[in-house]
């Protein structure tokens, strides 16, 4: 048996974050950003996707740091990203990869560098879920009009089926017998005084194996701030 335990488990061990297949269909490995590297990303986990040939950053939920969300980092690797290390001399992340099956790799292998340059990445660096709301802090100041427009965001939640089968479809939380995702309305959005932190009022927010929050706003300089974060709410 795959559980490798004296007794068959009756429930899964709650993960830090489930990751949607479109974001990562086959994991490579993980590493940690050194505390004094990459600015606001220092100390956070990097997850490598063999299947999608990408890297993503793991952001802990400030309300419960045993759960969190994943956000894609810039760049696509030429092969399935498997292992990464930070060079203590130049501070850059070096990634090795390979191509086997179930990967979008275009080369048999790769050895590539991801280098942090000056300026904001324009994505979330901190967030917290509490009953009825999500608070998200970005690494840049946001355009108030767009940031406070609920239409600038979309939120979905869903569960997976824990079984002996490989993988799972997306399952509704509201109707567990139905395939699909539940759209979750965002009632209001309020930008805090720091200009970087947005508070989303979400009355229907619930515990979920998976949520995906998409955002499409601008910063105060008119630069596009668009992307998504996908994570897990084990406790709320």
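Each value in this text was obtained by applying a stated rule to the coordinates, not by laboratory testing. Computed from a predicted structure; not experimentally measured. All Cβ positions, glycine included, derive from the backbone under ideal geometry; neighbour counts span all protein chains shown.
Given the Cα-Cα distance of residue 178 and residue 223 and 0.36 nm per residue of separation, how much length would full extension add, in nm?
On the way: separation 45, 0.36 × 45 = 16.20 nm, distance 3.96 nm.
So the extension gain works out to 12.2 nm.
Label residue 149 and residue 106 with points 7 Å out from Cα along Cα→Cβ: what is the distance between them in nm?
Rounded to a tenth, the inter-label distance reads 3.4 nm.
Given a Förster distance of 41 angstrom, what is the FRET efficiency for residue 8 paired with residue 130, based on the Cβ-Cβ distance and rounded to 0.05?
0.70
Based solely on its DSSP helices, what 222 nm [θ] is calculated for the chain when runs of n ≥ 4 H residues each add -39,500 (n - 2.57) and the sum is averaged over all residues, nearest 500 deg cm²/dmol? Write out the running numbers ahead of the final one.
Numbers: 1 runs with 4 residues, N = 236.
Rounded to the nearest 500, the figure is 0 deg cm²/dmol.
Just want the ordering: 140, 54, from fewest to most Cβ atoms lying within 10 Å of their own Cβ. Present the calculation step by step, with values, prior to reporting the outcome.
Details: 140 18, 54 21.
Arranged by neighbour count, lowest to highest, 140, 54 become 140, 54.
What is the fewest-to-most order of 26, 96, 79 by other Cβ atoms lying within 10 Å of their Cβ? Mind showing how you got there, number by number?
Values: 26 14, 96 19, 79 23.
By the 10 Å Cβ count, ascending, the order reads 26, 96, 79.
Most mobile of 34, 88, 124 per a Gaussian network model of the chain (Cα springs, under 10 Å)?
Among 34, 88, 124, the largest mean-square fluctuation in the Gaussian network model of the chain belongs to 88.
Cα centroid distance between the range 145-159 and the range 1-48, in Å?
26
Can you sort 149, 219, 194, 126 so the residue with the fewest Cβ neighbours within 10 Å comes first?
194, 149, 126, 219
Between residue 66 and residue 161, what length in nm is gained on full extension when 0.36 nm per residue of separation is reduced by their alpha carbon distance?
On the way: separation 95, 0.36 × 95 = 34.20 nm, distance 2.12 nm.
Extra length available between residue 66 and residue 161 comes to 32.1 nm.
Taking the Cα centroid of the range 54-115 and of the range 169-236, what is the distance between the two, rounded to the nearest whole Å?
24
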